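Trainee: Have a look at this one before I ask anything.
The values are calculated or read from the model by the stated rules, or taken from the named source; none is laboratory data. Bear in mind that the values here come from a model prediction, so they are computed numbers and not experimental data. Don't worry about glycine lacking a Cβ; one is built from the backbone with ideal geometry, like all the others, and counts go over all protein chains shown. Just so you know, the surface numbers come from the protein's heavy atoms only, side chains and all, with ligands and any DNA or RNA stripped out. Shrake-Rupley method; radii C 1.70, N 1.55, O 1.52, S 1.80 Å.
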Amino acid sequence: MKNLKKIIAIVAALAIIGVIFAACTKGGDTKDAKETLVMATNAEFPPYEYHEGDSIVGIDAEVAAAIAEKLGMELQIEDVSFDSIIPGVQAGKYDMGMAGMTVTDERLESVNFSTSYAKGVQSVIVPEASDIATIDDIAGKKIGVQTSTTGDIYATGDYGEENITRYDNGAVAVQALLSGKVDCVIIDNEPAKSYVAANEGLKILDTAYAEEDYAICFNKADTELQEKVNGALEELIADGTLQGIVDKYINAD
Ligand code: GLN
């Protein structure tokens, strides 16, 4: 009799545990129903990505949010140094990299790229009183760049390793220019405009250094995500959503 009571108690306890477990699993499923889309960026690249209070905003952040919404996914942005975006995407740490990133043949050996959604031009920022008047005056000067960006790669090739100082991001490179540690900074045109607008005493040389296409990068094995994102991105381009986001951040004048 005593044993029977014990058995009933155990069976009842197991049943309760079972019900609780089922409820939890179900709750978990509901919560995870929205798949996360992890995007790596370097949020010191206005107007494409930058910090505003606690959030990361900008053209890339908003386009990515619109893509995630179309795909029914939850966007999660990771702010990392520019040179760790591609290795992180290759390692499967991030689903994609979106950082005003230029499509280059060399990068195409490591990652796949989406349809291009913007154009960039490498620009040269100098102090207003600089004796650097054109791109031809850069040779032999101290050049600040962001590590592993196309500005870094081209300038190192053209002007030599000994003239290049590498910084983690555009903000730090521009600080170095303001304090006279470098004579110029080579960076993409829109961030260049933002940094010049935000800091007194700087200007951009008229000469464009190199023209390039921006796209989102993916792990080479994840062509499924690449295709889904491309589909969403192409819709956003076709229906004018992308242009609307660009217009919000970049003044036509
Ligand atoms: N467009 C440049 C590149 O891809 C710079 C990008 C960036 O600094 N976020 O290298």
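Trainee: Scan segment 132-236 for GluC sites (Glu not before Pro) in coil per DSSP, keeping those whose Cβ has at most 16 other Cβ atoms within 10 Å, and list them by number.
Mentor: The qualifying sites are 200.
Trainee: If every alpha-carbon in the chain counts as one equal scatterer, what log10 I(q)/I(0) does Debye give at q = 0.08, 0.12 1/Å?
Mentor: Once normalised to I(0) and log-transformed, intensities are -0.40, -0.73.
Trainee: Work out the length of the dipole vector of segment 96-165 about its Cα centre, built from +1 on the beta-carbon of each Lys and Arg and -1 on the beta-carbon of each Asp and Glu, and round it to the nearest 20 debye.
Mentor: Computed about the Cα centre, the dipole is about 320 debye.
Trainee: Further question on the same structure: Between residue 153 and residue 36, with labels modelled 7 Å along Cα→Cβ, what's the label distance in nm to one decimal, could you check?
Mentor: Here the modelled spin labels are 3.0 nm apart.
Trainee: Right, another one. Let me check against my output: what whole-number percent is the relative contact order of segment 152-253, with C-alpha pairs under 8 Å and at least 6 apart?
Mentor: The value is 12 percent.
Trainee: Looking at segment 146-253, which trypsin sites (Lys or Arg not before Pro) are DSSP coil and have at most 13 other C-beta atoms within 10 Å of their C-beta?
Mentor: 181
Trainee: How much solvent-accessible surface does residue 225 expose, in Å² to the nearest 10, with a 1.4 Å probe and all protein chains in place?
Mentor: The accessible area of residue 225 comes to roughly 10 Å².
Trainee: Using a Gaussian network model on the chain with a 10 Å cutoff between Cα atoms, which of 131, 60, 105 fluctuates the most?
Mentor: Between 131, 60, 105, it is 105 that shows the largest mean-square fluctuation.
Trainee: Sticking to Cα atoms, compute the Rg of segment 108-243 to one decimal and its Dmax as the biggest Cα-Cα distance, whole number, in Å.
Mentor: 17.1, 51
Trainee: Calculate, for segment 121-225, the solvent-accessible area per residue in square angstrom, rolling a 1.4 angstrom probe over the heavy atoms of the protein chains.
Mentor: Ligands and nucleic acids excluded, the figure is 44 Å² per residue.
Trainee: Which net charge results for the neighbourhood of residue 144, defined as the other residues with beta-carbon distances under 13 angstrom from its beta-carbon, given Lys and Arg at +1 and Asp and Glu at -1?
Mentor: Taking every Cβ under 13 Å from that of residue 144, the sum is +1.
Trainee: OK, next. For the pair residue 200/residue 79, report the inter-label distance in nm, with labels modelled 7 Å from Cα in the Cβ direction.
Mentor: Label at residue 200, label at residue 79, 2.7 nm between them.
Trainee: Could you please put 156, 36 in sequence from largest to smallest accessible area, using a 1.4 Å probe?
Mentor: Ranking 156, 36 by accessible area, largest first, yields 36, 156.
Trainee: Below 10 angstrom from the Cβ of residue 123, what's the summed charge of the other residues (Lys, Arg +1; Asp, Glu -1)?
Mentor: Net charge around residue 123: -2.
Trainee: List every residue whose amide H lies under 5 Å from the amide H of residue 74, counting only residues 5 or more places away in sequence or on a different chain, with H placed 1.01 Å from N in the peptide plane.
Mentor: 35, 36, 37
Trainee: What is the distance in Å between the Cα centres of segment 104-160 and segment 189-253?
Mentor: A separation of 16 Å, based on Cα centres.
Trainee: Go through segment 43-53 residue by residue and turn each phi into a ³J(HN,Hα) via Karplus (6.51, -1.76, 1.60, θ = phi - 60°); whole Hz please, and just put x for glycine and proline.
Mentor: Values per residue, Gly and Pro as x: 7, 10, 9, x, x, 7, 7, 7, 7, 9, x Hz.
Trainee: Also: Would you mind telling me the share, in percent, of accessible area of the chain contributed by carbon and sulfur at probe 1.4 angstrom?
Mentor: 53 percent
Trainee: On to the next question. First check a/c for segment 92-138, with a ≥ b ≥ c the square roots of the eigenvalues of its C-alpha gyration tensor; if it is under 1.5, answer rounded, and if not, answer prolate when a/b is larger than b/c or oblate otherwise.
Mentor: Judged from the Cα gyration tensor, segment 92-138 comes out prolate (a/c at least 1.5, a/b above b/c).
Trainee: Same structure again: Only Cα pairs under 8 Å and at least 6 apart count here; give the relative contact order of the chain as a rounded whole percent.
Mentor: 25 percent
Trainee: Determine the calculated [θ] at 222 nm for the chain from helices alone, applying -39500 (n - 2.57) to every DSSP H run no shorter than 4 residues and normalising by the residue count; nearest 500 deg cm²/dmol.
Mentor: -13500 deg cm²/dmol
Trainee: Given the whole protein assembly as supplied and a 1.4 Å probe, what does the accessible area of residue 103 come to in Å², nearest 10?
Mentor: So the heavy atoms of residue 103 present about 50 Å² to solvent.
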